[in-house]
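Everything below concerns the one structure shown next.
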Amino acid sequence: MEEGSRTENLQVQNCRARLDHLESVDAENLSEWNNVRFKRILVDYMLRMSYYDTARKLAESSKIEELVDLEVFQEAKKVVDALKNQEVGPALAWCAENKSRLKKSKSKFEFQLRLQEFIELVRAENYMRAILYARRYLAPWGATHLKELQLVMTTLAFRSNTECTKYKVLFEPKQWDFLVDQFKQEFYKLHGMTLEPLLNIYLQAGLSALKTPYPYSSYHYVTAYLFIHIYLSFRDFNDVSKAYGCTKEDPLSQENFRKLAMPLPYSKQHHSKL
């Protein structure tokens, strides 16, 4: 009870700090408030990308520990590290702790962990243990995931050195990477977080507002340059760029941002700056 009380008090304290932060914004301190928000977004991104130490240092140096989810992600770190080391124990323990909530969301993450553990027994040629494991842990999932269960059980016949693509893929190391990604998705949903990092969401919103077909065409730059140079007698390309709205400050003038914006829709621009 004492441990539960401490946890609840900490959560209430964080909620109060975040509410106070939201109420503190006004015209006078807007720049400073936005700077804090930017740091929160960076910490969120680093935590999701597993840069825990860097995220903690930024949060501590900026004094925003109560505004970010360091402790929540610390819980996830143990599971992610274990999965990267090809251990399912901590992940299964996490599933047991959150069993009712995962069941409500119709998650099959625990089933995928069990499948991987079965695959590892087959890889180690412990076939009898694999069969006993399947009877105990996989059979209860048969009513809802029969096809996946049948596919994995067939590895008892094909073995880990099979060249059959359908079964060979089950023994590849990338299956562990898939489990890491799957855990993160389940973790975010469980804690009411966005599946995409906040940084990606903000970048996509900004880039989709700026994106037009023109920066993706080299022909556009040449035509604009010739047209404006001839008719308006500009001296250099920088003047042309400014006149046509393609300034160096435009993020889409940089290759990395253009790659990020590639799958996004174009914004509606009824009137060109020209």
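The values are calculated or read from the model by the stated rules, or taken from the named source; none is laboratory data. Keep in mind that what you see is a predicted model, and the values were worked out from it rather than measured. Note that each Cβ is placed from the backbone with ideal geometry, even for glycine, and that neighbours are counted across all protein chains shown. For accessibility, only protein heavy atoms count, side chains too; no ligands or nucleic acids. Shrake-Rupley method; radii C 1.70, N 1.55, O 1.52, S 1.80 Å.
Is it the case that Trp94 is open to solvent by less than 20 Å² (accessible area, probe 1.4 Å) and of a type in the set (Phe, Trp, Tyr)? Considered against the rule, which asks whether it is open to solvent by less than 20 Å² (accessible area, probe 1.4 Å) and of a type in the set (Phe, Trp, Tyr), Trp94 comes out as yes.
Would you be able to say whether some residue in region 171-194 is within 30 Å of Ser253 (Cα to Cα), without any contact (Cβ under 8 Å) to a residue 24 or more places away in the chain and either polar (S, T, N, Q) or open to solvent by less than 90 Å² (accessible area, probe 1.4 Å) (or both)? Yes, the conditions are met somewhere in region 171-194. Taking every residue in region 102-125 that is free of Cβ contacts under 8 Å to residues at least 12 places away in the same chain and pairing it with any residue that is in a helix (DSSP H, G or I), at least 6 positions away or on another chain, the pairs with Cβ-Cβ distances below 9 Å are Ala124/Ala130. Considering the conditions (1) of a type in the set (Phe, Trp, Tyr); (2) touching a residue at least 60 places away in the same chain (Cβ under 8 Å); (3) more than 30 Å from Tyr202 (Cα to Cα), Tyr45 is excluded by exactly one of them, (3).
A single member of Glu117, Glu196, Glu125 is of a type outside the set (Ser, Thr, Tyr) and assigned to a helix (DSSP H, G or I), and it is Glu117. Scanning region 14-33 for residues that are polar (S, T, N, Q) and either crowded, with 16+ Cβ neighbours inside 10 Å or in the same structural domain as Asp181 (by the TED database) (or both) turns up just one, Asn14. Among the residues of region 50-91, those that are within 29 Å of Gln175 (Cα to Cα), at pLDDT 90 or above and open to solvent by 30 Å² or more (accessible area, probe 1.4 Å) comprise Tyr51, Asp53, Thr54, Lys77, Lys78, Asp81, Lys84, Asn85, Gln86, Glu87, Gly89, Pro90. The requirement of being within 21 Å of the chain's Cα centre (by Cα), β-branched (Val, Ile, Thr) and open to solvent by less than 40 Å² (accessible area, probe 1.4 Å) is not satisfied by Val36. Just one of the numbered conditions (1) polar (S, T, N, Q); (2) open to solvent by 70 Å² or more (accessible area, probe 1.4 Å); (3) over 29 Å from Met46 (Cα atoms); (4) at pLDDT 70 or above is not true of Ser272: (4).
Here Ala143, Ala130 are screened, and the one residue that is modelled with pLDDT of 90 or more and either out of contact with any Cys (no Cβ under 6 Å at 6 or more places or on another chain) or under 30 Å from Met49 (Cα atoms) (or both) is Ala130. Among the residues of region 92-112, the ones that are modelled with pLDDT under 90 and closer than 14 Å to Lys184 by Cβ come to 0 in all. Every condition in (1) surrounded by 16 or more Cβ atoms within 10 Å (Cβ to Cβ); (2) assigned to a loop (DSSP other than H, G, I, E, B) is met by Ser160 except one, and the failing one is (1).
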